[in-house]
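This report concerns only the one structure given below.
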């Protein structure tokens, strides 16, 4: 490696490490009015019913997320999606974010397939869960822990 | 108050038949600020600005409606499935916590 190449690479490393801390989790000092803990959020959705763990709900999240600001989440639910038996709603929750609720998706039989995918922010290592509401009033849940190396202000 | 935002509706596969179930993605350029982060230079809190509602309308019928919170990433993507049911238009309406309302639509032409 030549001397000038070395300095070029050093510059890139310095730039990356200067940008990274900007994305760090801001802590719990400024509180959002939407703040809600995981247990409260689950209770608000289910209304006191217990959610069963089920293999029908397939939650796909990376086990180790390098960047907490962009974590892809995919929820797939086995369901015929007919007018009598369909998935009513998919809720994505993150256990340690200041607002545990990420997104509530209300589906209809017109969707044809119960699947939802998006990208979420995670403030640190925590558990991501998918809470699924079926048309007959039952609740199913799938949970997976995600290790976050750089928090993402979420 | 409407503001011009870059957005895109993607349907996979591109060519589809009537009655087929297709994948629909909606992407939008949006800051999705949580309201808890500080600007590094000014040391001021960045005010919260995030999408709080997304609705998928197909031929005047609501097929999916979402309530969104702060925890979605910047420039969010919403992917779901949809059953094709004749010629028509898919309209996505999204609302902001500051009251910004926007719309994006795509014509749907099934072949065969």
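Taken together, the values in this text are just the output of simple stated rules run on the coordinates, not laboratory data. Fair warning: this is a prediction, and the values are worked out from it, not measured in the lab. Ideal geometry is used to build each Cβ from the backbone, glycine not excepted, and the neighbour counts take in all protein chains shown.
Here are some notes:
- Taken as Cα centroids, the range A:49-76 and the range A:99-141 sit 9 Å apart, rounded to the nearest whole angstrom.
- 10 Å Cβ neighbours from other chains, averaged over peptide B:28-37: 5
- Residue A:6-residue A:44 pseudo-label distance in nm [points 7 Å out on the Cα-to-Cβ vector]: 5.6 nm
- Percent RCO, i.e. relative contact order, over the range A:34-150, from Cα pairs under 8 Å lying at least 6 residues apart: 35 percent
- When DSSP beta bridges are restricted to pairs lying wholly in the protein assembly as shown, around 90% turn out antiparallel.
- Mean residue ellipticity at 222 nm, helices only, the protein assembly as shown: -3000 deg cm²/dmol; runs of at least 4 DSSP H residues each add -39,500 (n - 2.57), and the sum is divided by the number of residues.
- Packing-based ranking, highest mean first, of A:124-131, B:49-56 given that Cβ atoms within 10 Å are counted: A:124-131, B:49-56
- For the segment B:41-54, counting C-beta atoms of other chains within 10 Å of every residue's C-beta and taking the mean gives 1.
- Sites residue B:20 and residue A:149 - FRET efficiency at Förster radius 41 Å, r taken between beta-carbons, to 0.05: 0.50
- Distance between the modelled labels on residue B:98 and residue B:40, one decimal in nanometres: 2.2 nm (7 Å Cα→Cβ projection).
- Distance between modelled label sites at residue A:84 and residue B:75, nm, 7 Å Cα→Cβ extension: 4.7 nm
- Taking packing as the residue-averaged number of other Cβ atoms within 10 angstrom, the listed peptides A:76-89, A:106-119 run from highest to lowest as A:106-119, A:76-89.
- With 10 Å bins beginning at zero, the pair-distance distribution over Cα atoms of the protein assembly as shown amounts to 7, 28, 32, 21, 9, 3, 1, 0 %.
- The three principal axes of the C-alpha atoms in chain B carry coordinate ranges of 59, 24, 22 Å, sorted with the longest axis first.
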